[in-house]
Amino acid sequence: QKEVEQNSGPLSVPEGAIASLNCTYSDRGSQSFFWYRQYSGKSPELIMFIYSNGDKEDGRFTAQLNKASQYVSLLIRDSQPSDSATYLCAVKRPGYSTLTFGKGTMLLVSP
Amino acid sequence: DAGVIQSPRHEVTEMGQEVTLRCKPISGHNSLFWYRQTMMRGLELLIYFNNNVPIDDSGMPEDRFSAKMPNASFSTLKIQPSEPRDSAVYFCASSLSRGNEKLFFGSGTQLSVL
């Protein structure tokens, strides 16, 4: 099993819908979880982080963490075409000094 | 703040040549990271510095790769000799301190080795 796994997509949603992006991780005991957005040809940009089980909301974005299931997700409400990008999940694994990134899920929001 | 600054933005070179990538972290950030991104392997950590000292270089592929951080505002990643399989986007990132995982990425260097 890969350390941090994401469906590569593309995930296609219509404008105004809720986009749900999922990420699973293999190392139980991982402590910190991050979502980065990467537009085509650009660098990753941090948009959300979560440390505790449950939900964390920031504007149209909600991060959800379930450590028992080793699962973290990102919900984007009222999706806009400008949300079209690749979303990278990153995890701070125990015993590692830095983040481990998934390969990302491409999101396409159609007008 | 100008953010993390990388140069060059694009580099095209021939196999066997030396390549040097440069990075200026955000002022006041004590941790600096070099990542490589490819379609096949995603974003991979190459090396991580804290307070100019290499902490984790386990991701450096082989001896052809070397990285230095002579001071808090400058780092280089060197590939000598370069090979076609080194073609990728190389990102530099910085964070405020060790253990702070909120990374700020530079614009990257697109490297093509012919």
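Each value in this text was obtained by applying a stated rule to the coordinates, not by laboratory testing. What you are looking at is a predicted structure, and each value in this text was computed from that prediction instead of being measured. No Cβ is skipped: glycine too gets one built from the backbone with ideal geometry, and neighbour counts run over all protein chains shown.
What's the exposure ranking of B:VAL89, B:VAL4, A:VAL72, going from fewest to most Cβ atoms within 10 Å?
B:VAL89, B:VAL4, A:VAL72
Sort the following peptides by mean Cβ neighbour count (other Cβ atoms within 10 Å, averaged over residues), highest first: B:45-52, A:91-98, B:60-67.
Going by the mean number of other Cβ atoms within 10 Å, highest first, we get B:45-52, A:91-98, B:60-67.
Round to a whole angstrom and tell me the spacing of the C-alpha centers of the stretch A:1-35 and the stretch B:74-90.
Each part reduced to its Cα centre gives a spacing of 29 Å.
Set Lys and Arg Cβ to +1 and Asp and Glu Cβ to -1, take the dipole of the protein assembly as shown about its Cα centre, and tell me which of A:GLN70, B:LEU43, A:GLY16 lies farthest positive.
A:GLN70
Cross-link list A:LYS92/B:LYS102; A:LYS2/A:LYS42; B:LYS24/B:LYS68; A:LYS42/A:LYS92; A:LYS2/A:LYS103; A:LYS92/B:LYS78: which exceed 18 angstrom alpha carbon to alpha carbon?
A:LYS2/A:LYS42; A:LYS42/A:LYS92; A:LYS92/B:LYS78
Note down the magnitude of the dipole of the stretch A:1-95 about its Cα centre, charges +1 on Lys and Arg C-beta and -1 on Asp and Glu C-beta and zero elsewhere, to the nearest 20 debye.
Magnitude of the dipole: close to 280 debye.
What are the semi-axes of the equivalent ellipsoid of chain B, taken as the square roots of 5 times the eigenvalues of the Cα gyration tensor, listed largest first and rounded to whole Å?
The three semi-axes for chain B are 23, 14, 13 Å.
Most exposed first by the Cβ proxy, i.e. fewest other Cβ within 10 Å, how do B:ASP86, A:ASP78 rank?
A:ASP78, B:ASP86
Per the Kirkwood treatment, what hydrodynamic radius in Å, one decimal, follows for the stretch B:75-114 from the mean inverse distance over all distinct Cα pairs?
With all distinct Cα pairs of the stretch B:75-114 included, I get 11.9 Å.
How do B:TRP34, A:TRP35 line up, fewest other C-beta atoms within 10 Å first?
Taking fewest neighbouring Cβ atoms as first place, the list is A:TRP35, B:TRP34.
Lys/Arg Cβ at +1, Asp/Glu Cβ at -1, dipole of the protein assembly as shown taken about the Cα centre: which of B:GLY16, B:SER58, B:VAL113 is farthest positive-ward?
Checked the options; the winner is B:SER58.
What translational diffusion coefficient, in µm²/s and rounded to a whole number, does the Stokes-Einstein relation yield for chain A at 10 °C and a viscosity of 1.306 mPa s, taking the hydrodynamic radius as the Kirkwood radius over Cα pairs?
114 µm²/s
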